[in-house]
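Okay, structure first, notes after.
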Amino acid sequence: MKAIVIGCGRVGSNIARQLLYEGWDVTAVDEKEEALARLGEGWSGGFVLGHGMDVDVLRAAGIDDAEAVVVSTDGDNTNLVIGQVAQKRFANPCVVVRVLDPARAAFYEERGLHTVCPTSTAIDALIESVRACEAPKVEA
């Protein structure tokens with residue numbers, strides 16, 4: 001199975017390393033060469049230097065043969081555009097896009113783009129944690 005991970009920050013690099021560990025053929029894409037260092041010295045996957053919105057960069061990363069594309073740059077707009085290009089232009093069957101804005105994540109999810117919203121996940125987890133706390137008893 002081949003995966004492309006676009007954006008090699010804290011999230012993308014961890015996803016790329018985990019998928020590689022699980023046996024995937026992984027190519028990471030980032031516009032900064034120093035992002036390669038986040039993948040670690042033993043990185044045996046591929047790395048393409050360039051912007052994920054560049055169709056030639058996507059092709060160099062192997063998007064035509066990829067079973068999955070994970071888009072996790074530091075910008076929602078960038079992620080959404082790249083995700084739509086991967087899904088619509090390249091007909092990739094599994095495109096997963098990180099979107100920090102919950103409203104935008106829901107909007108694009110309703111239109112068929114698989115989104116993951118860490119902000120919504122954090123909100124849900126924090127609310128559940130607060131609900132799970134026992135309120136101190138007040139003595140009369």
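The values are calculated or read from the model by the stated rules, or taken from the named source; none is laboratory data. A quick note: this is a predicted structure, and the numbers were derived from the prediction, not measured. Don't worry about glycine lacking a Cβ; one is built from the backbone with ideal geometry, like all the others, and counts go over all protein chains shown. When the accessible area is computed, the model is the full protein with side chains, heavy atoms only, and any ligands, DNA or RNA have been set aside. Shrake-Rupley method; radii C 1.70, N 1.55, O 1.52, S 1.80 Å.
Out of all the residues in segment 52-99, which are among the charged types (D, E, K, R), in contact (Cβ under 8 Å) with a residue 40 or more places away in the chain and closer than 14 Å to A3 by Cβ? Matches in segment 52-99: D65, E67.
Could you check how many residues of segment 1-48 are within 18 Å of D64 (Cα to Cα) and either among the aliphatic types (A, V, I, L, M) or not in a strand (DSSP E or B) (or both)? Looking only at that region, the number is 11.
Pick from W24, W43: which is aromatic (F, W, Y) and open to solvent by 50 Å² or more (accessible area, probe 1.4 Å)? On inspection, the qualifying residue turns out to be W24. In summary, A37 fulfils each of the numbered conditions (1) open to solvent by 60 Å² or more (accessible area, probe 1.4 Å); (2) in contact (Cβ under 8 Å) with a residue 12 or more places away in the chain with the single exception of condition (2).
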